[in-house]
Amino acid sequence: MGLAILNDKYFIGVASGIGGVLLTILAQQILNKRSLLTYFVRHSRVGVSADDAIFGSVRVAWNNQPVPNLYSSTVELVNQSTRDYENISVRVFTNDTILLTERTEIVGSILPLNWTEEFTRRLHVDAGQQPTQAQIELHSRQRNYLLPILNRGQVVRFHFLNAAPTPNQPSIWMDILHRGVKLQFHVPPNEIFGVAQPIAALFGVLLGFAFVGVLIACVQTVWIAALSSLTFGLFAQVPGAYMFKAWRWLRNAFGG
């Protein structure tokens, strides 16, 4: 019966078609991953202006102007792909807070991160002059950067001190227009030793299978094997995080 099914040309045709679809989906996922950049944003409130009729007032000011809510926000861009990129234009923008000061860094690199030439030209102010209202509005709502190099696995951080006019947490977004690049926003994950907890947990599970195999082969006492498995399960994210770091280092070193 089984051989008859395997020799049936209709079955072979259908199976081949399904296999082709699955391979196409898999290949598309791999190609999408090859060009994927992700970013997330973290906000921390660092100051609030408030009035108290009995105990006094607290004032947070910028250029002698009161700021109701002062936040420190970090935008982190990660090259999740297997490619290296050059001269990427990155736009950071907001519509519900005022961007004040900034600090940028390409993690693991001494290369500077500068504004684009066009953005620098638009914000240029001659010596002895004051910025126009249009320049002030532009500076308070967005920044345009030129990223000279973004290697695979590399991280770029943008730190902004910003003033939100309402008690609501501000929102800061990123946009990239570059050939072959796909940008996705991610909710900032909880981390363990610098690795997202879901990833650490996944690699911990993979290590757990190997650990259980070793226990089955080497440990004869049931309660020792059970206790060892329980202990490993409780702390599996720790070795999982280090395993992921090792895998990422090997991928970057030998991935071409």
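The values are calculated or read from the model by the stated rules, or taken from the named source; none is laboratory data. Model, not experiment: these values are computed from the prediction. Cβ atoms come from the backbone with ideal geometry, glycine included; neighbour counts cover every protein chain shown.
Brief remarks follow.
- Leading residue by the ranking (surrounded by the most Cβ atoms within 10 Å (Cβ to Cβ)) among those in segment 148-170 that are under 16 Å from the mean Cα position of the chain (by Cα) and assigned to a strand (DSSP E or B): LEU150
- Yes/no for TRP173 being among the aromatic types (Phe, Trp, Tyr), surrounded by fewer than 17 Cβ atoms within 10 Å (Cβ to Cβ), out of contact with any helix residue (DSSP H, G or I) (no Cβ under 7 Å at 6 or more places or on another chain) and not assigned by TED's automatic domain parsing to the domain that holds ASP96: no
- Taken over segment 72-82, the criterion of being among the small types (Gly, Ala, Ser), closer than 18 Å to THR38 by Cβ and either modelled with pLDDT of 90 or more or surrounded by fewer than 17 Cβ atoms within 10 Å (Cβ to Cβ) (or both) is satisfied by SER73 alone.
- Annotation note: Cβ proximity below 7 Å between a residue of segment 224-247 that is closer than 9 Å to ALA201 by Cα and a residue that is surrounded by fewer than 15 Cβ atoms within 10 Å (Cβ to Cβ) (sequence gap 6+ or interchain) occurs for ALA236/VAL205; ALA241/PHE193.
- LEU70 touching a residue at least 40 places away in the same chain (Cβ under 8 Å), in a strand (DSSP E or B) and farther than 30 Å from LYS245 by Cβ: yes
- Among the residues of segment 83-133, those that are aromatic (Phe, Trp, Tyr) and closer than 23 Å to SER35 by Cα comprise TYR85, PHE93.
- Per the conditions (1) assigned to a strand (DSSP E or B); (2) of a type in the set (Ser, Thr, Tyr); (3) under 20 Å from the mean Cα position of the chain (by Cα), the sole criterion not satisfied by SER109 is (1).
- Set LEU207, LEU227, LEU202, LEU215: member being among the hydrophobic types (A, V, I, L, M, F, W, C), surrounded by fewer than 13 Cβ atoms within 10 Å (Cβ to Cβ) and outside any strand (DSSP E or B): LEU227
- ARG143 being surrounded by 17 or more Cβ atoms within 10 Å (Cβ to Cβ), in the same structural domain as ASN63 (by TED's automatic domain parsing), among the basic types (Lys, Arg) and at pLDDT below 90: no
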